[in-house]
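The values are calculated or read from the model by the stated rules, or taken from the named source; none is laboratory data. Predicted, not measured: the structure shown is a model, and the values here were computed from it. Here the Cβ is made from the backbone with ideal geometry for all residues, glycine too, and neighbour counts use every protein chain on show. Areas reflect the complete protein model, heavy atoms only, side chains present, ligands, DNA and RNA absent. Shrake-Rupley method; radii C 1.70, N 1.55, O 1.52, S 1.80 Å.
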Amino acid sequence: FELEYRIDTLNKLIIKPNISYKNSRSDSRDRFLYFRKDSLVQDSVINNGSQDQLSESEEIGVNVRAIYNHLFLKPGRSFTMNANVAFTNTKGYSETKAKDMAVDTMRVNQYTRSGNDAVSYSVKASYVEPLHGVNHLLETAVTFQSNNRFSHKDQYDFSKRDSAYKYNPDYSNKLENRFYSEALEVNYRWVDKQCDLMVGIKVNPSQTWTKTYYGGVLLRDTLINVWNWSPNASFKY
């Protein structure tokens, strides 16, 4: 869906929402029987078993983007703001059962529940000021964005002693990841009918925070700070 609203001759608003839904399921059943030839007349069974696997997943995603543009009465001067928000939720379920038919023993009997939530948003504001006429422009842009992801996996194994599925902390984990980024960009542009020259600089610090859990116990807590800067130049003819 897309909505464009021209508020007046100087202001315009664009909104673009998007919704997605995915659902999948797979079910497989395998039976296998392997022989070894001991002689010309007799074969011996070396493997006789079965394996059943079931997998299901569901995903819901929502994304909304908004663009606002304002033109000033002075030719060449403008202000633009971009905002984006996105959310994704994923749920998964799988189970595996493997049996040795020769001795009638269940080798594997387990199921796993997993989930993943992702939330991201960004805001960018840019301002253009004409320095001399409409050919010499000064562009300033500020950007802030964040990406957050939370995922977990819980595994349960069947216990013969308790006749029930028990939580397995060795194969269960949880992850939290948060990423933040800020940017400041200043550019000088010279625009002509045939040429477009841009020279500027960009400063971009960022922070990454990660937490890892196994069996509900925090094992890793990491914070990384990065500072980047870069000069920019381009010429189009």
(Q) Every residue in the range 114-132 that is out of contact with any Ser or Thr (no Cβ under 9 Å at 6 or more places or on another chain) and either over 21 Å from Asp192 (Cα atoms) or not hydrophobic (A, V, I, L, M, F, W, C) (or both), please. (A) Pro130, His132
Q.
Please count how many residues of the range 215-227 are open to solvent by 80 Å² or more (accessible area, probe 1.4 Å) and polar (S, T, N, Q).
A. 1
**Q.** Looking only at the range 179-214, and only at residues there that are charged (D, E, K, R) and under 30 Å from His152 (Cα atoms), the one that is surrounded by the fewest Cβ atoms within 10 Å (Cβ to Cβ)
**A.** Glu182
(Q) Return the pair list, or none, for Cβ contacts closer than 9 Å from residues in the range 131-156 that are within 30 Å of Leu218 (Cα to Cα) and among the hydroxyl-bearing types (Ser, Thr, Tyr) to residues that are part of a loop (DSSP other than H, G, I, E, B) and open to solvent by less than 40 Å² (accessible area, probe 1.4 Å), at least 6 apart or on different chains. (A) none
Q. Across the range 1-45, what is the total count of residues that are within 26 Å of Phe87 (Cβ to Cβ), part of a loop (DSSP other than H, G, I, E, B) and of a type in the set (A, V, I, L, M, F, W, C)?
A. 1
